[in-house]
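In what follows, a structure is listed as structure tokens, so that the remarks can point back to it.
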Amino acid sequence: MSNTVIIGGSKGIGAAVINSLADQNCLNFSRTEPNTKHARHQHFSFDINNDDFPEIENVSSLIYCPGTINLKPFGSLKESDFVNDYQINFLGAVKAIKHFFRTMKKQENASIVLFSTVAVSQGMPFHASIASAKGAIEALTRSLAAEFAPKIRVNCIAPTLTNTTLASSILRNDEAIERSNNRHPSKKINSVNDVSSMVNFLISNNANNITGQIFHIDGGLSTLSI
């Protein structure tokens, strides 16, 4: 029976993904335990920067959720900010993919889902560090999709601001939420379920001919001018 590995599945988008896969075999690697537990899920206390993955067989899907929101003027960013964002957002994904690659290439319809941000395609002030790290993720997505084809599909989701605890400093009150909503042609930011539903689609058999794509779940922000 196949397994889905989720890195960072205890909060925000990752937790929504975990809950949407309640009836599947999932292994969640995260620093904290999820609030909701499911009979077919197993949690591993894990720090992507310091811990090593155990050997796990029959992994058909890998979802890498860890991310940062480090918004500062360029002059205030230190080199350590760039290093930290790159470590968590990019090198952590590389570490996970390298570890699970051998078992995934043996599976049918194996799928990797990574995360970028709308700030890669649409230049935004104060995003220099995080957008740089996520830009590397988009390049990795296309490169690995070409290299792993046809055995493993690799896709990336680039969401806009999503209502999670990670974004709480931005969405600090109703007025801030309304301003954020109004920046989007759709007049709303993402809910976690907006994003988790796309994850579910990308790891399903319905997406078995989709690879190397960046999916913008951003209310039209990256492509529309209204």
- Query: Which pairs have Cβ atoms under 9 Å, sit 6 or more apart or on different chains, and link a residue in the range 40-59 that is on the phi > 0 side of the Ramachandran plot and surrounded by 13 or more Cβ atoms within 10 Å (Cβ to Cβ) to one that is in a loop (DSSP other than H, G, I, E, B) and modelled with pLDDT of 95 or more?
  - Reply: none
- Message: Return the residues of the range 21-64 that are at pLDDT below 95 and among the hydroxyl-bearing types (Ser, Thr, Tyr); say none if nothing qualifies.
- Response: Thr32, Thr36
- Query: Which number in (1) modelled with pLDDT under 95; (2) of a type outside the set (S, T, N, Q); (3) touching a Ser or Thr at 6+ places or on another chain (Cβ under 6 Å); (4) over 20 Å from Leu221 (Cβ atoms) marks the one condition that Ile88 misses?
  - Reply: (1)
- When the range 73-87 is examined, which residues are found to be surrounded by 13 or more Cβ atoms within 10 Å (Cβ to Cβ) and part of a helix (DSSP H, G or I)? Asp81, Phe82, Val83, Asn84, Asp85, Tyr86, Gln87
- Conditions (1) in contact with a Lys or Arg (Cβ under 6 Å, 6 or more places away or on another chain); (2) free of Cβ contacts under 8 Å to residues at least 60 places away in the same chain; (3) not aromatic (Phe, Trp, Tyr); number of the one not met by Ser116: (2)
- Is at least one residue of the range 186-197 among the acidic types (Asp, Glu), within 21 Å of Thr68 (Cβ to Cβ) and free of Cβ contacts under 8 Å to residues at least 60 places away in the same chain? yes
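Every residue, every condition in (1) touching a residue at least 12 places away in the same chain (Cβ under 8 Å); (2) farther than 22 Å from Ala167 by Cβ; (3) not hydroxyl-bearing (Ser, Thr, Tyr), yes or no:
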{"residue": "Lys78", "(1), (2), (3)": "no, yes, yes"}
{"residue": "Phe82", "(1), (2), (3)": "yes, no, yes"}
{"residue": "Asp85", "(1), (2), (3)": "yes, no, yes"}
{"residue": "Met104", "(1), (2), (3)": "yes, yes, yes"}
{"residue": "Asn109", "(1), (2), (3)": "yes, yes, yes"}
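Return the total of residues in the range 94-112 being modelled with pLDDT under 95 and small (Gly, Ala, Ser). Give the steps one after another, and end with the answer.
Residues of the range 94-112 modelled with pLDDT under 95: 108-109.
Those left that are additionally small (Gly, Ala, Ser): none.
Result for the range 94-112: 0.
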- Task: Take the range 180-217 and flag every residue that is part of a loop (DSSP other than H, G, I, E, B) and of a type in the set (Gly, Ala, Ser).
- Result: Ser186, Ser191, Ser204, Gly212
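The values are calculated or read from the model by the stated rules, or taken from the named source; none is laboratory data. As the structure is a computational prediction, the values presented were derived from the model and not from experiment. For neighbour counting, all protein chains shown are included, and Cβ atoms are generated from backbone atoms with ideal geometry for every residue, glycine included.
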